[in-house]
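Some notes on the structure that comes next.
Every number here is computed from the coordinates shown, using simple stated rules; none is lab data. Because the structure is a prediction, the values reported are computed rather than measured. We place every Cβ from the backbone using ideal geometry, glycine too, and count neighbours over all the protein chains shown.
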Amino acid sequence: MNLKSSENDMRERSSFGSKFGAIAAATGSAIGLGNIWRFPYVAGENGGAAFMLVYLFFVIVIGIPMMLSEFSIGRYTNRNTFGAFRVLRPGSKWYLIGILGIVTAFVILSFYSVVAGWTIDFLKESLVNGFAGRSSAEIKTGFDSFVESGWRPVFWTLLFVAATAFIVVSGIEKGIERYNKILMPLLFLILIGLGINSATMEGFREGMSFLFKPDFGKITGSVVIEALGQAFFSLSLGMGTMITYGSYIRSRENMLTTAGSVAVSDTLIAILAGVAIFPAVFSFGISPTSGPDLVFITLPNIFQQMPGGYVLSILFFLLLFIAAVTSSVSLMEVVTAFCTEELKMKRRTAVLAISLVLAGTSTLCTLSQMPDSPLKIAGTNLFDFFDNVSATYMMPVGAFFIAIFTGWFFGKNRLRGEFTSGELYGTGLFPFFLFLVRFIAPVVIAVIFLSKAGWLKL
Ligand code: TRP
């Protein structure tokens, strides 16, 4: 049976209206807090340039092939993650990957919305010039007491959930594609402006050599593990986001260039964020290894000491907000597509229901950061628990099975048909791609997963 045509002819399904739209949307998903908040501090903690090199290697050898795998599954079936596996392998247990993806989307969204909420508060503080004249100790206490205050961050978290819901409810072309087409170029412009500004700082050279001069001695097992985890998170892989977005890519479009553009932009933005941040960090004699606080404590402190800091700070937190919302939209769409296609809900009902659940779970995550909060699982607060469990277990497991599925169960000819968009492009690259998804990706992911979970010593 020709699954593709018989399945698809039956119903009208939305798609991205243009190739640029598809790239903007997938790039919007990929570029997020992972690039601007997480990448700089993870790179900072893991040796800067050495980390970056390993990271780049993983993006090329595993990230791009995995993205193409997810796009292929999505586009071939024209379905949400759950439906895609059920259509491809009816009667089997593969649909569990789809369910895992949907649960993971909720887990990520729950803590992601909290950090994204902070960016709105910081944007507001920047606008009213709230950081001016504060010492670095005061900024640190201010941040800590804000995060631990419970209900004030909840307000921003919920506002962020509402903003995400607003875009998702507006639809694929009129919502997701449209906002990404505006917001992504804006994000590029702001970051380039910030990068240029950072070139004028005295710490520029030091920042650059921290980022770009690798010290190979710093490549350790844990650097390798972190780099792969970061690559998956940053490229939105391992839980069906790109399966869902892939299902909106039109059938004659060249997915190789789409995936390539997304990976290149995502990496470029992460590096640019480093270029915008590290020179400032070195100019003010701050340690680049300050961890998750880097963006929320170190930077406001730097901005308020810097000429033009008022405007730069506004731009920076606006940038962070844009990056966050275009990513959370992609996560919410994973669940929305499932609800509309499998549970036959109306888009509005689906988004409303999802937002209500998310409002609950993200509020719990926010409140779990209060000092005496009982909201703990296995001794860690809910926020950290969700962050860890998604990055350490859920995404690697999802990615592993997606790789195995694509390489061994999807069907070589179907895969070839999608990879080449019906023999239109990249036919010569196919065997190489197949080798990467069949052998390299699953083995590397498995080894790293086992060592991260503590079952294997790397
Ligand atoms: N990639 C986004 C970031 O860098 C986050 C994100 C969106 C994500 N969708 C995802 C992460 C799916 C993992 C899986 O911030």
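Below are the figures for this structure:
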{"quantity": "Simple label model, 7 Å out from Cα along Cβ direction - Phe284 to Leu429, nm", "calculated": "4.2 nm"}
{"quantity": "Contour excess over end-to-end distance, with Cα ends at Gln305 and Ser222 and 0.36 nm allotted per residue", "calculated": "26.4 nm"}
{"quantity": "Assigned charges on the beta-carbon of Lys, Arg, Asp, Glu; segment 3-452 dipole about Cα centre (debye)", "calculated": "1360 debye"}
{"quantity": "Added length on full extension, which subtracts the Cα-Cα distance from 0.36 nm per residue, Lys412 to Val443", "calculated": "9.2 nm"}
{"quantity": "Cα-based helix-to-principal-axis angle, 49-58 vs the chain, degrees rounded to 10", "calculated": "10 degrees"}
{"quantity": "Where N is the number of residues in segment 3-452, Cα Rg divided by 2.2 N^0.38 Å", "calculated": "0.95"}
{"quantity": "Value of relative contact order over segment 217-319, rounded to a whole percent, pairs C-alpha under 8 Å and six or more apart", "calculated": "13 percent"}
{"quantity": "Theoretical gain in end-to-end length, Met370 to Arg89 [0.36 nm per residue, Cα-Cα removed]", "calculated": "96.6 nm"}
{"quantity": "For segment 314-395, size of Cβ-based charge dipole, Lys and Arg +1, Asp and Glu -1, in debye", "calculated": "320 debye"}
{"quantity": "Mean residue ellipticity (222 nm) of the chain, computed from DSSP H runs ≥ 4 via -39,500 (n - 2.57), nearest 500", "calculated": "-21500 deg cm²/dmol"}
{"quantity": "Sorted by Cβ neighbour density within 10 Å, fewest at the top, the residues Lys181, Lys174", "calculated": "Lys174, Lys181"}
{"quantity": "Label point at Asn129 placed 7 Å out along Cα→Cβ; residues across segment 294-333 whose backbone nitrogen lies under 11 Å", "calculated": "310-311"}
{"quantity": "Label zone at Leu159, where the point sits 7 Å out along the Cα-to-Cβ direction: segment 106-149 residues whose backbone N lies under 13 Å", "calculated": "116-128"}
{"quantity": "Computed label-point distance, nm, for sites Ala199 and Leu352 using a 7 Å Cα→Cβ extension", "calculated": "5.2 nm"}
{"quantity": "Exposure proxy order (Cβ contacts within 10 Å, fewest to most) of Trp408, Trp37, Trp455", "calculated": "Trp455, Trp408, Trp37"}
{"quantity": "Eligible lysines near Lys124 by straight Cα distance, threshold 25 Å, same-chain separation 8 or greater", "calculated": "Lys140, Lys181"}
{"quantity": "Peptides ranked, highest mean first, by Cβ atoms within 10 Å: ranges 336-345, 67-76, 50-59", "calculated": "67-76, 50-59, 336-345"}
{"quantity": "By average C-beta atoms within 10 angstrom, highest first, the peptides 92-104, 157-169, 20-32", "calculated": "20-32, 157-169, 92-104"}
{"quantity": "Signed unit charges on C-beta, dipole axis of the chain, positive-most listed residue Leu53, Ser136, Gly150", "calculated": "Leu53"}
{"quantity": "Highest-first arrangement of 136-147, 315-326, where packing means the average Cβ count within 10 Å", "calculated": "315-326, 136-147"}
{"quantity": "Inter-site label distance for Asn254 and Ile377 at 7 Å from Cα along Cβ, in nm", "calculated": "4.4 nm"}
